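Notes for the one structure printed next.
The values are calculated or read from the model by the stated rules, or taken from the named source; none is laboratory data. No experiment lies behind these values; they were computed from the predicted model shown. Neighbour counts run over all protein chains shown; Cβ positions are idealised from the backbone, glycine included. What goes into the accessible areas is simple: the full protein's heavy atoms, side chains included, and nothing from ligands, DNA or RNA. Shrake-Rupley method; radii C 1.70, N 1.55, O 1.52, S 1.80 Å.
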Amino acid sequence: MGIPGTSLYPVTIALIIANVALSLIAFSNRDVMSKTIMWPYGVKRKNQYYRFITSGFIHADYMHLIFNMFTFFFFGRNLEIYFNYYQLGGSISFLALYLIALIISDIPTYLKQKDNPDYLCLGASGAVSAVVFASIVFSPWSSIYIYGAIKISAAVYAVLFLVYCIYMSKKGGGHINHDAHLWGSLFGLAFTLALIMAIQPALFAGIVNELKHPSLFGN
């Protein structure tokens, strides 16, 4: 499905700027970090529901920030262009997907950890996962390079990623919130498919038709 290369993606750029700015502030200010990080225990007992959003705009370190924003830039700009080009609510729908994904992706973690005073998490990974999977809807057999070298189709990558997240979530341990990745990804798919069926049902038929012509290693 072709898209015009001259389209703009202002929300993508604005969200990157916000993530970078707030993360840099939190890196140097422990008070800001402590007040914005996701802390399920505090959310439950102090009604600090704002943490579902604020924790998605701060990161653990520079590598965490760079990796999330690098991924978000490439997939986010594509998705924002798709939403505008196919008249699916444009940048407003794109922003709504991002912000709602921050909340949805953290709900399972909140339910698991709400009585654990020591559990903390942060980062935009849930929303970024939603954006990645939402963009795959429009071009399921396009190429994705794992580690910059292994070429597979986007649809195959999506399946492998979900299986990995489910496995790691059940295994537990580590410092990565696999639940956020999993539920963010599933929300991105559900939100985008629902949006298409509600506004552009003919486009949904085109996506189904494209899925009938699989390419294991991408186009």
Pseudo-spin-label distance ALA96 to LYS114, built 7 Å along Cα→Cβ, given in nm, is 2.7 nm
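Any idea what the relative contact order of the chain is, in percent, if you count C-alpha pairs under 8 Å spaced at least 6 apart? Working shown, then result.
Details: 318 pairs, mean separation 50.1, N = 219.
23 percent.
Stick to Cα atoms and the Kirkwood definition of Rh, then tell me Rg/Rh for the range 135-214. Present the calculation step by step, with values, prior to reporting the outcome.
Numbers: Rg = 14.5 Å, Rh = 14.0 Å.
So for the range 135-214, dividing Rg by the Kirkwood Rh gives 1.03.
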Shape metrics for the range 1-118, restricted to C-alpha atoms - Rg then Dmax, Å: 16.1, 49
Any idea what the dipole of the chain comes to, in debye rounded to 20, about its Cα centre with Lys/Arg Cβ at +1 and Asp/Glu Cβ at -1? 380 debye
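Return an integer: the convex hull volume of the alpha-carbon atoms of the range 111-159, in Å³ per residue. Present the calculation step by step, with values, prior to reporting the outcome.
Numbers: hull volume 5.5 nm³, N = 49.
Hull volume over Cα atoms, normalised by residue count, gives 112 Å³.
Helix-derived [θ] at 222 nm for the chain: sum -39500 (n - 2.57) over DSSP H runs of at least 4, divide by residue count, nearest 500?
Helices in the chain give a 222 nm mean residue ellipticity of -22500 deg cm²/dmol.
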At q = 0.22, 0.27, 0.32 Å⁻¹, what is the base-10 log of I(q)/I(0) for the range 54-105 according to the Debye formula with one equal point scatterer per Cα and no solvent? Please give it to two decimals. -0.88, -1.06, -1.15
Extreme residue, positive dipole direction of the chain, given options ILE92, LEU79, VAL163 (C-beta unit charges): VAL163
Determine the order of ILE176, ILE166 by accessible area, beginning with the largest, at a probe radius of 1.4 Å. ILE176, ILE166
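Please work out how much length the chain gains when fully extended from VAL32 to ALA14, using 0.36 nm per residue of separation minus the C-alpha to C-alpha distance, in nm with one decimal. Display every interim value, and only then the final one.
Details: separation 18, 0.36 × 18 = 6.48 nm, distance 2.07 nm.
The VAL32-ALA14 span can extend by a further 4.4 nm.
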Of all lysine pairs in the chain that are eight or more residues apart or on different chains, those with Cα atoms under 21 Å apart total 13
When Rg and Dmax of the Cα atoms in Å is calculated directly from the model, which label among [x] 15.5, 46; [y] 18.2, 56; [z] 17.5, 53 fits? [z]
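Hey, if we sort GLU210, GLU80 by accessible area with the 1.4 Å probe, largest down, what's the order? Display every interim value, and only then the final one.
Values: GLU210 45, GLU80 0 Å².
Solvent-accessible surface, decreasing: GLU210, GLU80.
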